[in-house]
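What follows is a single structure, written as structure tokens, with notes after it.
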Amino acid sequence: LQGVKQALGCLEENLVPGDHLALISYASEARVELPMTEVSAATRAQLREAIRRLRARGSTNMAAGLDLAVAQLALVPPELTGRAILLSDGQPNQGRVTDREGLASLITKGFGRHGLSCLGYSGHCDQELMEELSDTGRGGYAFIDSLDSTLDAFARELGGLISSYAMNVVIEVEQPGQPLQRDALGQILYGGEASLLVQLRHTGLPRGEGRELGVMRVKYQDRRGDMQCL
């Protein structure tokens, strides 16, 4: 919990007027510690106090926390795209949904145009679950093991919210006589990089002769939500 509070403190220090945020805690039950609000001097003080009040309590009802996140994101102005940042050890053990398929379905159905990123904490963190949830939410994942990694993770998240980026990025590779290869990369932040390994097949190429092996397409949604194809 101390690491989570430290991370939230880093977030608070980097907020600027015009940002919108809400703070939700979840244990056996979930509750809104700070409802969706626009950042100002007064709301920054409220956020600092809400962070200070956080205490460890009960179990890990992640689904309840995500439900409240969906409700708070519905209050984001329509011209803005929001993102939930889930801080957890990835060990949901209470609530209406605790399995990865159910949690992924909740995210797919509830988040709409908004994204979800995950920050993993503790040595027993289920990083596979946290990474899968962030992929479903078209966001990023980072395992937090130091203050530096906390700062790096929030820098990426905040940068992605204010910089140009592509959503729902998909790479397709089409070759004659071969099944279509399709890989989803989620979202790409401005200036970000993504690595992808593609397997190409061919029956043999004569030396010195050029031949088209296939077609690669990049499909994505821009910030206006319009589909683009390269």
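Normalised by the number of residues in the chain, what is the relative contact order in percent for Cα pairs under 8 Å and 6+ residues apart? If you can, show how the numbers build up before the last one.
Values: 384 pairs, mean separation 31.0, N = 230.
Dividing the mean separation by the residue count of the chain yields 13 percent.
What does the convex hull of the Cα atoms of the stretch 77-159 come to per residue, in Å³, rounded to a whole number? Could you put the intermediate results ahead of the total?
Numbers: hull volume 7.9 nm³, N = 83.
With only Cα atoms used, the stretch 77-159 gives 95 Å³ per residue.
Carbon and sulfur together cover what percent of the accessible area of the chain at a 1.4 Å probe radius?
Values: 6500 of 12970 Å².
Ligands and nucleic acids excluded, carbon and sulfur reach 50 percent.
With a 1.4 Å probe and all protein chains left in place, how much accessible area per residue does the chain have, in Å²? Intermediate values should be presented prior to the final figure.
Details: 12970 Å² over 230 residues.
About 56 Å² of surface per residue is accessible.
Of LEU197, ALA104, SER122, which is farthest on the positive side of the dipole of the chain, counting Cα position, with +1 on Lys and Arg Cβ, -1 on Asp and Glu Cβ, and the Cα centre as origin?
The residue sitting farthest along the positive end of the dipole is ALA104.
Angle, helix 100-110 long axis vs. longest principal axis of the chain, Cα atoms, 0 to 90°, nearest 10?
Relative to the chain, helix 100-110 is tipped by roughly 80 degrees.
Going by alpha carbons, how many degrees (0 to 90, nearest 10) lie between the helix axis of 127-136 and the longest principal axis of the chain?
The two axes meet at around 70 degrees.
Taking the Cα centre as origin and putting +1 on Lys and Arg beta-carbons and -1 on Asp and Glu beta-carbons, what dipole magnitude results for the stretch 14-164, to the nearest 20 debye?
On the way: 14 positive and 19 negative charges, 112 e Å.
Rounded to the nearest 20 debye, it is 540 debye.
When the helix-only estimate is applied to the chain (DSSP H runs of n ≥ 4, each -39,500 (n - 2.57), divided by the residue count), what is the mean residue ellipticity at 222 nm, nearest 500 deg cm²/dmol?
Working: 6 runs with 75 residues, N = 230.
Computed ellipticity for the chain at 222 nm equals -10000 deg cm²/dmol.
Helix 41-53 versus the longest principal axis of the chain: what angle, 0 to 90°, nearest 10, using Cα atoms?
For helix 41-53, the angle is close to 80 degrees.
In the chain, if the dipole is taken from +1 on Lys/Arg beta carbons and -1 on Asp/Glu beta carbons about the Cα centre, which of PRO35, VAL169, GLN228 is farthest to the positive end?
Result: PRO35, furthest along the dipole toward the positive end.
Can you work out ³J(HN,Hα) from phi for every residue in the stretch 90-98, in order, using Karplus 6.51 cos²θ - 1.76 cosθ + 1.60 and θ = phi - 60°, giving whole Hz and x for Gly and Pro?
Using θ = phi - 60°, the values come out as x, 10, x, 9, 7, x, 5, 9, 10 Hz.
Using a 1.4 Å probe and counting only protein heavy atoms, arrange ASP222, ASP126 so the residue with the most accessible area comes first.
Details: ASP222 25, ASP126 45 Å².
Sorted by accessible area, descending: ASP126, ASP222.
With the chain treated as a Gaussian network of Cα nodes joined by springs under 10 Å, which of LEU197, LEU73, LEU119 yields the largest mean-square fluctuation?
Checking each option, the largest mean-square fluctuation is seen for LEU197.
For the chain, what class follows from the C-alpha gyration tensor (a ≥ b ≥ c being the square roots of its eigenvalues): rounded when a/c is under 1.5, otherwise prolate if a/b is larger than b/c, else oblate? It would help to have the intermediate numbers written out before the result.
On the way: a/c = 2.28, a/b = 1.89, b/c = 1.21.
Prolate, since a/c reaches 1.5 and a/b exceeds b/c.
The values are calculated or read from the model by the stated rules, or taken from the named source; none is laboratory data. What you are looking at is a predicted structure, and each value in this text was computed from that prediction instead of being measured. Here Cβ is always computed from backbone atoms with ideal geometry, including for glycine, and neighbour counts include all displayed protein chains. SASA here: full protein model, heavy atoms, side chains in, ligands and nucleic acids out. Shrake-Rupley method; radii C 1.70, N 1.55, O 1.52, S 1.80 Å.
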